[in-house]
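Asker: Quick one: this structure, given as structure tokens, is what I'll be asking you about.
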């Protein structure tokens with residue numbers, strides 16, 4: 001496997017790329033606040049005339065995420081596009097309204113907008129659903145065990161699941177939480193059919209490629225080997241792993257333990273071109 005190279009700042013490689021595919025949660029913010037250098041780094045990239053795509057596995061539509069970012073103090077001048085797994089989920093449901101009439105949604109109330117404007121009814125009875133939309137846990141403290149009885153009922157009817165967030169875990173503030181991907185993984189393990197939207201799956205990249213010019217030099221920045229970096233590997237794109245996110249166990253005080261990181265990379269057989277502790281430009 002190729003060796004990954006440590007960089008201290010994004011300015012070390014900025015001249016090599018035209019377009020930056022940047023993850024949000026774990027790179028720009030932690031679900032509660034922006035990270036210290038986020039705005040300054042984005043402003044630096046825009047000053048260098050770089051295109052910034054926020055590629056996120058958030059199970060919400062892009063305009064909803066834009067509003068959340070504005071509340072954080074991050075407005076549209078700092079980026080060019082938001083491409084979310086939630087947006088791709090909504091577009092898929094829109095195209096399949098004749099097939100999916102009754103939806104059983106697993107996820108918090110804030111995600112119910114994924115069926116807004118569509119001829120799809122939300123049902124609370126598992127026996128009436130013809131599709132499951134899985135956006136994640138209902139509660140922040142839930143575990144997989146909470147959902148096994150429900151999923152075990154749904155599999156008896158072979159109801160297809162749409163997973164709008166392939167992440168299995170996330171850090172909100174300083175707390176780890178399960179995500180939709182963990183529920184989807186269990187549903188598959190008991191024989192369920194799952195359609196995923198978001199990284200590392202190809203649809204989110206194909207959507208972006210339809211927007212950008214051919215022969216652009218693209219780099220992917222994210223904190224998840226399984227989603228951000230694997231997706232980059234599958235698309236033959238260079239990538240930067242941010243180690244202060246869900247793989248923070250490889251950090252050692254203010255540095256990255258390269259032996260731990262190499263062990264994790266080799267275990268997963270997923271390799272970023274670069275790694276850095278936090279996204280910063282100086």
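Asker: If we count other beta carbons within 10 Å of each Cβ, what is the order of 61, 70, 102, fewest first?
Answerer: Numbers: 61 22, 70 11, 102 14.
Result, fewest neighbours first: 70, 102, 61.
Asker: Please determine, in degrees from 0 to 90 and to the nearest 10, the orientation of helix 62-72 with respect to the longest principal axis defined by the Cα atoms of the chain, where the helix direction is its Cα long axis.
Answerer: The angle comes out near 50 degrees.
Asker: Using only alpha carbon positions, build the gyration tensor of region 150-267, then give the equivalent ellipsoid semi-axes as the square roots of 5 times its eigenvalues, largest first, whole angstrom.
Answerer: Output for region 150-267: semi-axes of 28, 22, 12 Å.
Asker: Here is a further query. Quick one: check the C-alpha center-to-center distance for region 16-54 versus region 196-261, whole angstrom.
Answerer: 13
Asker: For q values of 0.22, 0.27, 0.29, 0.31 Å⁻¹, compute log₁₀ I(q)/I(0) with the Debye formula on a Cα-only model of region 224-274, without solvent.
Answerer: Each listed q corresponds, in turn, to -0.75, -1.07, -1.19, -1.30.
Asker: Listing 248, 277 from the residue with the fewest other Cβ atoms within 10 Å to the one with the most, what is the order?
Answerer: 248, 277
Asker: At a temperature of 4 °C and a viscosity of 1.567 mPa s, determine how fast region 88-196 diffuses translationally according to Stokes-Einstein, using the Kirkwood radius over alpha-carbon pairs as Rh; express D in µm²/s, rounded to the nearest whole number. Let's see the in-between values first.
Answerer: Details: Rh = 13.9 Å.
Rounded, D is 93 µm²/s.
Asker: For the chain, build the convex hull from the C-alpha positions and give me its volume per residue in Å³.
Answerer: Measuring per residue, one finds 131 Å³ for the Cα hull of the chain.
Asker: Then there's this: In 10 Å bins starting at zero, report the fraction of Cα pairs in region 170-234 per bin as a rounded %.
Answerer: Answer for region 170-234: a P(r) of 17, 40, 31, 12, 1 percent.
Asker: What ranking of 276, 160 emerges when the number of other C-beta atoms within 10 Å of each C-beta is taken as an exposure proxy, fewest first?
Answerer: Least crowded to most crowded, the residues run 160, 276.
Asker: Note down the nm distance, to one decimal, between modelled labels 7 Å out along Cα→Cβ at residue 252 and at residue 128.
Answerer: Taking the simple label geometry, residue 252 and residue 128 are separated by 5.8 nm.
None of the figures in this text is laboratory data; all of them are computed from the coordinates on show. This structure is a prediction, so every number in the text was calculated from the model and none was measured. Glycine also receives a Cβ, built like all others from the backbone with ideal geometry; neighbour counts cover every protein chain displayed.
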